[in-house]
1. Taking 0.36 nm per residue of separation and subtracting the Cα-Cα distance, what length does fully extending residue 102 through residue 24 add?
2. Arranged from highest to lowest average of other beta-carbon atoms within 10 Å per residue, in what order do the peptides 112-118, 18-24 appear?
3. Using the 10 angstrom Cβ neighbour count as an exposure proxy, how do 100, 79 rank, fewest first?
4. Calculate the spin-label point distance for residue 59 paired with residue 171, positioning each point 7 Å from the Cα along the beta-carbon direction, and give it in nanometres.
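Nothing in this text is a laboratory measurement; each read-out follows from the coordinates by a stated rule. What you see is a predicted model, and the numbers here were worked out from it, not measured in a lab. Reconstructed Cβ throughout: ideal geometry from the backbone, glycine too, with neighbour counts over all protein chains shown.
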């Protein structure tokens, strides 16, 4: 990208990184006395950035998997599973679960989940290609569902996650411990979370 195209993409990316959108960008530029993109142009930039980030994300994940497998077509490895949410507490409509290799520290897979679709909510959903909400239920259960979906994809990626490093919450592990057979996944605790809980218990 060059010139104005790069500037437009950069401001849209910057706004999205800090959790803001078209309205916030319009207000900021109005305050600074600068022109801003039309809503249509803003949405077009969003779509371009989405495709680019999805492509780069998949390339990085594939490279991380190749590093783990080396010259082998199939391998076993340990992963750390953790979830994060858009909002604190259990009221968040959006969440993301990641699987991180304990050997390389690189992300091997992610599962993004949402309970709400603003397009469907406005009644504007007409395209069969439209990606809608992919989760229904309690926000705190997203990590459990996300972990299971990640394990499901391991079959097609020729990798087996035989060690599950958790944060002390056993629900996610319980959903996948027998995924490849009875007790084929071993649960190990993250020492940082253990220290946090022991320290908190001593203080209390």
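1. Numbers: separation 78, 0.36 × 78 = 28.08 nm, distance 3.90 nm.
Gain on stretching residue 102 to residue 24: 24.2 nm.
2. Ranked from most to least packed, the peptides come out as 112-118, 18-24.
3. Values: 100 19, 79 26.
The order, fewest Cβ neighbours first, is 100, 79.
4. 3.7
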